[in-house]
Amino acid sequence: MIQIVRADGSAEQAVIAGMKARSAAKNADIQRAAAAILEDVRQRGYEAVEEYSLRFDKAAPREITREELDAAYARCPADLIAALERAAANIRDYNEKLLVKSQEWTSPDGGVVGRIVRGLTRVGIYVPGGTAAYPSSVLMNAVPAKVAGVEEIVMVTPPTENLSDPVLAAAKIAGVDRVIAVGGAQAVAALTYGAGFIPQVDKLVGPGNAYVAAAKRLAYGTLDIDMVAGPSEVLVIADGSANPKFVAADLLSQAEHDKLASAVLLTDSMELAQAVDGEIIRQTGYLSRSEIMECSLRDFGCAVVCENLDACAALANQIAPEHLEIVTEDPRALLPNIKNAGAVFLGAWSPEPLGDYLAGPDHVLPTSGTARFFSPLSVDSFLKTMSVIQYDQQSLSPIKDQIITLAEAEKLTAHANSIRVRFE
């Protein structure tokens with residue numbers, strides 16, 4: 001069951017405040033523990049990583065061999081391998097079309113300027129273990145990195161019985177170069193500073209538990225990260241033409257992630273809101289994670305009935321959801337009004353799980369309102385650029401005095417001299 005409210009100014013702000021509260025509850029003890037592990041690994045290297053692995057995961061870190069990856073691939077059902085291969089192909093195709101190239105051109109002064117685009121040298125991918133083992137996330141993180149031209153992809157995952165065949169098979173399909181069985185904040189620390197056979201990386205991506213998320217946040221600056229992801233969320237804008245069975249199913253698809261997940265319906269139809277609520281009650285009764293869904297919907301789920309669809313879009317922009325579905329008679333007509341969302345799904349036949357698994361765009365998306373300024377993971381996330389400047393005497397000469405003037409205005413006489421000596 002979800003709460004149904006009419007938009008009145010305070011209702012909208014209550015929705016936004018509730019979603020922000022999910023990520024605001026950061027545990028100071030977790031932050032301190034992660035900071036201590038990072039510092040210990042920075043000082044003692046692999047010895048500290050091994051100690052934490054033995055303490056938390058009951059096993060020392062080790063490298064997974066190519067033979068183990070091949071064996072895991074062979075043990076997976078054929079239909080799973082086919083689905084993973086199809087997903088990888090779609091992700092690859094999508095990112096290849098986004099890939100930007102190096103370019104140069106002649107500036108107005110007659111010099112040559114431009115930008116060189118390079119893939120990062122080494123990237124780390126964190127993959128959770130146990131019940132939170134997601135082969136789809138391996139593909140979503142590794143395939144764009146491969147398209148970007150990253151030289152080496154190092155995947156880490158906890159060194160326990162949680163090494164799942166589908167995850168290892170996905171690593172093989174995605175072309176991951178090395179798989180190392182090490183998890184937790186100690187894995188983040190090892191990839192941040194380098195520890196023994198675990199190399200330092202330029203960027204670390206992928207989801208993890210609260211300790212992993214805290215360690216990633218603290219490591220940022222020594223390496224780059226994708227983002228610090230919060231609990232999952234979906235927002236559906238729907239009008240009276242929407243099928244309440246579909247809308248309810250899509251809200252539940254996110255509510256099942258965890259008790260902090262958020263599922264919000266914005267609509268101009270009270271009748272639809274009530275029908276969706278009835279469908280949620282009916283469908284929750286036969287789904288496996290009903291307890292989680294009920295907690296999520298009770299605490300962070302609601303339906304807001306707005307005056308019209310434009311008001312729905314305005315509220316959606318304030319919330320800036322991770323996933324936004326537009327299930328209206330003409331979903332594209334509302335799209336120009338949308339400014340802030342991680343991914344937008346248009347129409348009744350574009351449910352959020354399509355994006356989670358197979359469509360091609362990445363499912364690593366900004367959460368907790370950060371879609372106001374963050375973008376989804378993509379090939380761009382694994383690229384860096386360098387400026388290129390090449391002038392000759394003929395193109396530098398007409399502007400030399402202006403450079404000298406600017407340098408002297410800033411009292412940087414050596415800068416001015418660097419130009420002046422070339423024309424003495």
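The values are calculated or read from the model by the stated rules, or taken from the named source; none is laboratory data. From a predicted model like this one, the values you see are computed outputs, not experimental measurements. Cβ sites come from the backbone with ideal geometry, for glycine too, and all protein chains shown count toward neighbours. These area figures cover heavy atoms from the full protein model, side chains too; ligands, DNA and RNA do not enter into them. Shrake-Rupley method; radii C 1.70, N 1.55, O 1.52, S 1.80 Å.
Numbers below:
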read-out: Qualifying residue in segment 314-325 (condition: under 25 Å from the mean Cα position of the chain (by Cα), free of Cβ contacts under 8 Å to residues at least 40 places away in the same chain and not in a loop (DSSP other than H, G, I, E, B)); value: yes
read-out: Residue list for segment 151-173, filter: open to solvent by less than 10 Å² (accessible area, probe 1.4 Å) and closer than 16 Å to Ile91 by Cα; value: Ala170, Ala171
read-out: Residues of segment 109-145 satisfying the condition of being open to solvent by 40 Å² or more (accessible area, probe 1.4 Å) and either at pLDDT below 95 or touching a Pro at 6+ places or on another chain (Cβ under 9 Å) (or both); value: Asp109, Gly110, Arg122, Thr131, Tyr134
read-out: Residue count, segment 229-282 (criterion: in a helix (DSSP H, G or I), among the polar types (S, T, N, Q) and surrounded by 24 or more Cβ atoms within 10 Å (Cβ to Cβ)); value: 1
read-out: Selection count, segment 384-404, where residues are hydroxyl-bearing (Ser, Thr, Tyr) and surrounded by fewer than 11 Cβ atoms within 10 Å (Cβ to Cβ); value: 1
read-out: Number of the condition not met by Leu260 [criteria: (1) touching a Lys or Arg at 6+ places or on another chain (Cβ under 7 Å); (2) closer than 25 Å to Val41 by Cβ]; value: (2)
read-out: Selected residue (criterion: least open to solvent (accessible area, probe 1.4 Å)) from residues of segment 87-104 that are under 21 Å from the mean Cα position of the chain (by Cα) and without any contact (Cβ under 8 Å) to a residue 24 or more places away in the chain; value: Ala89
read-out: Hits in segment 326-367 (condition: under 11 Å from Val234 (Cα atoms) and either under 13 Å from the mean Cα position of the chain (by Cα) or charged (D, E, K, R) (or both)); value: Ala341, Gly342, Ala343, Glu352, Thr367
read-out: Tally of residues being open to solvent by 50 Å² or more (accessible area, probe 1.4 Å) and either without any contact (Cβ under 8 Å) to a residue 12 or more places away in the chain or touching a helix residue (DSSP H, G or I) at 6+ places or on another chain (Cβ under 8 Å) (or both) across segment 362-374; value: 1
read-out: Pair list, Cβ < 7 Å and 6+ apart or interchain, from segment 138-167 residues that are at positive phi to residues that are part of a strand (DSSP E or B) and surrounded by fewer than 21 Cβ atoms within 10 Å (Cβ to Cβ); value: Gly149/Gly119
read-out: Strands (runs of 3 or more DSSP E) contained entirely in segment 50-123, each with at least 2 residues that are farther than 30 Å from Ala189 by Cα; value: 103-106, 112-119
read-out: In segment 392-413, residue farthest from Val113 (Cα to Cα) [restricted to those that are under 45 Å from the mean Cα position of the chain (by Cα) and not in a loop (DSSP other than H, G, I, E, B)]; value: Ala409
read-out: Those residues of segment 1-13 which are charged (D, E, K, R) and either open to solvent by 40 Å² or more (accessible area, probe 1.4 Å) or more than 13 Å from Ala303 (Cβ to Cβ) (or both), in sequence order; value: Arg6, Asp8
read-out: Residue within segment 189-199 that is part of a loop (DSSP other than H, G, I, E, B), in contact with a helix residue (DSSP H, G or I) (Cβ under 7 Å, 6 or more places away or on another chain) and open to solvent by less than 10 Å² (accessible area, probe 1.4 Å) present; value: no
read-out: Candidate set from segment 346-361 (those that are among the hydrophobic types (A, V, I, L, M, F, W, C) and closer than 22 Å to Tyr134 by Cα); member that is surrounded by the fewest Cβ atoms within 10 Å (Cβ to Cβ); value: Leu354
read-out: Qualifying residue in segment 330-348 (condition: hydrophobic (A, V, I, L, M, F, W, C) and within 20 Å of Ala14 (Cβ to Cβ)); value: no
read-out: Per-region count, segment 203-227, residues farther than 17 Å from Val364 by Cβ, of a type outside the set (A, V, I, L, M, F, W, C) and in a helix (DSSP H, G or I); value: 1
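The rows are residues; the columns are (1) among the polar types (S, T, N, Q); (2) more than 26 Å from Ala261 (Cβ to Cβ); (3) surrounded by 16 or more Cβ atoms within 10 Å (Cβ to Cβ); (4) without any contact (Cβ under 8 Å) to a residue 24 or more places away in the chain.
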| residue | (1), (2), (3), (4) |
| --- | --- |
| Val15 | no, no, yes, no |
| Asp29 | no, no, no, yes |
| Val41 | no, yes, yes, no |
| Thr65 | yes, yes, no, yes |
| Glu85 | no, yes, no, no |
| Thr106 | yes, yes, no, yes |
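To keep it simple, each residue is scored yes or no on (1) open to solvent by less than 20 Å² (accessible area, probe 1.4 Å); (2) within 18 Å of Gly230 (Cβ to Cβ).
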{"position": "Thr284", "(1), (2)": "yes, no"}
{"position": "Glu294", "(1), (2)": "no, no"}
{"position": "Ala303", "(1), (2)": "yes, no"}
{"position": "Cys306", "(1), (2)": "yes, no"}
{"position": "Ala313", "(1), (2)": "yes, no"}
{"position": "Gln318", "(1), (2)": "no, yes"}
{"position": "Leu324", "(1), (2)": "yes, yes"}
{"position": "Leu334", "(1), (2)": "yes, no"}
